[in-house]
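Q: Sharing a structure with you now.
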Amino acid sequence: MTGFDYANSRATAERLLARFGQVGAIERVTPGGGPAHNPGPSTTTSYPATLVALDYSDRERDGTLIQTGDRKVLISTAGLSITPTSADRIVIQGSRFEIVNLNPLDPAGTVVMWQVQVRQ
């Protein structure tokens, strides 16, 4: 008996996000490379990403973990040159959002897409 083909699921997710999503970015800030007492200026690098931004339903919002104004963002793995971290920011239509929660959808170790909770 063969296992489920998660690579096929990943390809389907990439295709759907490309069709119905939008271009956004993941911003990563790298601290200056100098010594701790004077590290120098930080550098912000923007990595293009295909994503879909959704509102949480009233039922999902509890006022503590998920607050009014939080968004659920699905990020495609297609063309993504980095692995997102909670220290990164997401840019959607020119607005920057802080990452509150970051979860890969990764059955059997294959990342199909990223689900991210963001807040302004």
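Q: With every protein chain present, what accessible area does Asp58 have (1.4 Å probe, heavy atoms only), rounded to the nearest 10 Å²?
A: 120
Q: Sorted by accessible area (1.4 Å probe), largest first, how do Glu27, Glu14 line up? All intermediate terms of the calculation are to be shown ahead of the outcome.
A: Working: Glu27 15, Glu14 45 Å².
These residues rank, largest area first, as Glu14, Glu27.
Q: Is there a quick way to get the dipole size of the chain? I mean about its Cα centre, with the Cβ of Lys and Arg at +1 and of Asp and Glu at -1; what is the value in debye to the nearest 20?
A: Values: 11 positive and 11 negative charges, 42 e Å.
Charge dipole of the chain: 200 debye, to the nearest 20.
Q: Sticking with this one: Please give the per residue accessible area of segment 9-68, computed with a probe of 1.4 Å over protein heavy atoms only, in Å². Display every interim value, and only then the final one.
A: Working: 4120 Å² over 60 residues.
In whole numbers, segment 9-68 has 69 Å² accessible per residue.
Q: I've got another one for you. Count charges around Ile99 for me, please; just the other residues with Cβ under 13 Å from its Cβ, Lys/Arg as +1, Asp/Glu as -1.
A: Numbers: positive: Arg28, Arg71, Lys72, Arg89, Arg96, Arg119; negative: Glu27, Asp70, Asp88, Glu98.
Computed value for this residue: +2.
Q: Report, to the nearest 10°, how far helix 6-20 tilts away from the longest principal axis of the Cα atoms in the chain, using its own Cα long axis and a range of 0 to 90°.
A: 70
The values are calculated or read from the model by the stated rules, or taken from the named source; none is laboratory data. What you see is a predicted model; the values in this text were computed from it and never measured. Neighbour counts are summed over all protein chains in view; Cβ atoms, including those assigned to glycine, are modelled from backbone coordinates with ideal geometry. Accessible surface areas use protein heavy atoms only, side chains included; no ligands, DNA or RNA. Shrake-Rupley method; radii C 1.70, N 1.55, O 1.52, S 1.80 Å.
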